[in-house]
1. All but one of (1) open to solvent by 10 Å² or more (accessible area, probe 1.4 Å); (2) of a type outside the set (Lys, Arg); (3) touching a residue at least 24 places away in the same chain (Cβ under 8 Å) hold for Pro200; state the number of the condition that does not hold.
2. Go through Arg229, Arg208 for me and flag whichever is in contact (Cβ under 8 Å) with a residue 40 or more places away in the chain, surrounded by fewer than 21 Cβ atoms within 10 Å (Cβ to Cβ) and touching a strand residue (DSSP E or B) at 6+ places or on another chain (Cβ under 8 Å).
3. Could you list, in sequence order, all residues of region 290-308 that are in a loop (DSSP other than H, G, I, E, B) and among the small types (Gly, Ala, Ser)?
4. What's the number of the condition Thr36 fails, among (1) out of contact with any Gly (no Cβ under 8 Å at 6 or more places or on another chain); (2) in contact (Cβ under 8 Å) with a residue 40 or more places away in the chain; (3) surrounded by fewer than 21 Cβ atoms within 10 Å (Cβ to Cβ); (4) within 21 Å of Asp219 (Cα to Cα)?
5. Say we look at region 315-368 and pick out the residues that are among the polar types (S, T, N, Q) and open to solvent by 20 Å² or more (accessible area, probe 1.4 Å); which of these is farthest from the chain's Cα centre (by Cα)?
6. Here are some residues: Trp186, Trp232. Which one is part of a helix (DSSP H, G or I) and either of a type in the set (Phe, Trp, Tyr) or under 25 Å from Asn353 (Cα atoms) (or both)?
7. Starting from residues that are under 24 Å from the mean Cα position of the chain (by Cα) and open to solvent by 30 Å² or more (accessible area, probe 1.4 Å), keep the ones in region 39-53 and report whichever is farthest from Gly134 (Cα to Cα).
8. Within region 432-456, track down each residue that is surrounded by 17 or more Cβ atoms within 10 Å (Cβ to Cβ) and of a type in the set (Ser, Thr, Tyr).
Amino acid sequence: MTDIAALSAVDLLKHYRDKTLSPVEYFDWLEKHIATWEPSLRALYLYRPEVAREEAGASAARWANGAPKGPLDGVPVTIKELIATEGDPLPFGSAATELVPAAEDAPAPARLREDGAIIYAKTTCPDYAMISSGVSSFHPLTRNPWDLSKNPGGSSSGAAAAAAAGYGPLHVGTDIGGSIRLPCGWCGLFGLKPSYGRIPLDPFYLGRVAGPMTRTVDDSVLMMATLSRPDWRDGMSLPPQNINWFDLKTNVKGLRIGLMLNAGCGLAVEDEVREAVIAAAKKFEQAGAVLSEIDGILTREMLDGLDLFWRARSWVDIEAFDPPTRAKILPYILQWAQKGAEVSGVAAVKGYNQTNEMRKAAAQVFHKVDLVLSPTAPVVTFPAEWASPINDPERPFEHIAFTVPWNMAENPAASINCGFTASGLPIGLQIVGPRFADLTVLRLSRLYETWRGPIKWPKPAKANVVA
């Protein structure tokens, strides 16, 4: 047996089949491992090891009988807090939320349970998932396992922290402007924001997707085979397709790759980030791809218009609260959303229309190139206590300029680790494909992963750095 902490979901399933490790034995180890991290990391919500132990026992019996329930039988999984799981409240990261048990599983946990996965916990997120941070008015502060004084990013903050700390191999996040890719970049993970509608969601709305967050590309591929199955509740889901997610062979010779080192607006790219992304892009060029630098597609008008629209949309929900309830919301979010009260209907529509401008700009890019490479985030991570890299609610989205256009344009986009800073913090490479080319993004990500090699993940002993 290799180091149990290093086992991927693919590895686990092989051990289950070979009867060299059982789901019970693995979760026994995992429970102890989480105990060493969680007092400082604070990545989990509704952690239920007793339920997981019972499910692991049932899974072990099925494997012993040679009759697993499905392709993920006995593999532990976490789900982002704001994805509904039957009987559990959804705080949406905010102390202002009334805690009402969900009536049923949303599509992602429903598919995972069908395939035998063990959902043992939910993971934290900030208020209404509207900031890329581990800060929340409901959850304790979630920290980055690479350096506990740093932020894991968000809004899939708990999922990223849990994955990087080795809380099992499979984690599900959501992304409307970078909420899978940004924390994956800052925590050294692989994360896929699939094409809009590829993974069914309930509720669904413009740009919002669910996706896998894992240490390896192969584990995300494994999840896509499960999560992408259809669900009637998502009126925007794509038609069912017979995609062989495990067919990852590819050849980049002649592939036209656009290297985007300037998003068009937002924060400037830090030198260490730029150098790591260029070095990653050169590997594709060395393999035969045609690499050319391209301009960013996001404009200040696009980003500010989206900010205005999102403020107005958020205020629609918040204004219904009485003053004492409203006061429970994270001050950063409340200050940001209150400006939505000043937005006229005409201004809100104009802001929304900027999403169409993003779509047009993205379409123009993929008329010229086959793939886009860029930084996932322009900067390395920031203090754990901050709500964003500049911690200013009047400029909340300066760090999402590389990620948010692909949500609005519906393109698949992934983040994969492409190196570390001199201080040992991860740097993310974003790989973006044409609409619906999710498999292409996975193939190119897997290829880059083979060039990069494995990552040495942080050890639980670092959890003692912060009380």
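The values are calculated or read from the model by the stated rules, or taken from the named source; none is laboratory data. The model shown is predicted, which means the values in this text are computed figures rather than measured ones. Cβ placement follows ideal geometry from the backbone for every residue including glycine, while neighbour counts extend to all protein chains displayed. When the accessible area is computed, the model is the full protein with side chains, heavy atoms only, and any ligands, DNA or RNA have been set aside. Shrake-Rupley method; radii C 1.70, N 1.55, O 1.52, S 1.80 Å.
1. In the conditions (1) open to solvent by 10 Å² or more (accessible area, probe 1.4 Å); (2) of a type outside the set (Lys, Arg); (3) touching a residue at least 24 places away in the same chain (Cβ under 8 Å), Pro200 misses (1) alone.
2. When all the criteria are applied, what remains is Arg208.
3. If the condition is that a residue be in a loop (DSSP other than H, G, I, E, B) and among the small types (Gly, Ala, Ser), then Gly296 is the only one that fits.
4. The single condition Thr36 does not satisfy is (4).
5. Checked region 315-368; the qualifying residue farthest from the chain's Cα centre (by Cα) is Ser344.
6. Trp186
7. Restricting to residues being under 24 Å from the mean Cα position of the chain (by Cα) and open to solvent by 30 Å² or more (accessible area, probe 1.4 Å), the top hit is Arg48.
8. Thr440, Ser445, Tyr448
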